[in-house]
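Bear in mind these aren't lab numbers, they're just calculated from the coordinates by the rules spelled out. Note that the structure is a prediction, hence the values are computed from the model and not measured. Note: ideal-geometry Cβ built from the backbone for every residue, glycine included; neighbour counts use all protein chains shown.
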Amino acid sequence: MTNKKQLTLFVDFHVHLDRIEEWKAAHRPVWEACGNEPECLLFDIFQDPEDPSHFRLVEIWNADREWFETKQLTKPYYATLWEKSRPTWQKEVVINYFERLGEGCRFRKGFLEGGELMD
């Protein structure tokens, strides 16, 4: 799929501190599955050092929001994810959708250290 504008998602979770490992265990298979999708260009997870219960997923997709919501979010692995993940949340998940401009994109090789090349 070729798309000039890449869909970027910022997905915020607030997890009960005593359930972080349970939350990660529920999400790891989905992180792996998303990374294996051909439309997924980047998938990464961040934790707020000042609030360890706050996690942000950053996803970049070579698709648009309609595709993401009608094709990607309907994949079977999400159905089981929400059942396992929801009890660990302090509050509802927040998803913000952006389109990547790429205009100011700069990075060094070290940015990707610790990651895994998907192709």
*What dipole magnitude, in Debye to the nearest 20, does the chain give about its Cα centre under +1 on Lys/Arg Cβ and -1 on Asp/Glu Cβ?*
200
*Sorted by packing (mean other beta-carbon atoms within 10 Å per residue), highest first, where do 57-70, 74-87, 106-119 land?*
57-70, 74-87, 106-119
_What is the angle, in °, between the Cα long axis of helix 20-36 and the longest principal axis of the Cα atoms in the chain? Nearest 10 is fine, range 0 to 90._
20
_If each DSSP helix of 4+ residues adds -39,500 (n - 2.57) and the sum is divided by the residues in the chain, what number results at 222 nm, nearest 500 deg cm²/dmol?_
-7500 deg cm²/dmol
_Sorted from largest to smallest, which semi-axis lengths in Å does the alpha carbon gyration tensor of segment 12-100 give for its equivalent ellipsoid, taking the root of 5 times each eigenvalue?_
22, 15, 12
*So which aspartates and glutamates can LYS5 reach, going by Cα to Cα under 20 Å and dropping same-chain residues fewer than 8 places off?*
GLU37, GLU39, ASP44, GLU59, ASP64, GLU66, GLU69, GLU99, GLU103
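Rounded to the nearest 0.05, what FRET efficiency is calculated for MET118 and VAL58 with R0 set to 22 Å and r the Cβ-Cβ distance? Working shown, then result.
Working: r = 14 Å, r/R0 = 0.65.
Between MET118 and VAL58 the formula returns 0.95.
Determine the relative contact order of segment 1-58: mean sequence separation of Cα pairs under 8 Å and six or more apart, normalised by residue count, in whole percent. Spell out each step's value before the answer.
Numbers: 55 pairs, mean separation 26.3, N = 58.
Contact order relative to length: 45 percent.
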*asked:* Can you tell me which of GLU50, GLU39, GLU92 moves the most in a GNM of the chain? Springs connect C-alpha atoms under 10 Å apart.
replied: GLU50
_Length-normalised contact order for the chain - Cα pairs under 8 Å, 6+ apart - percent_ = 42
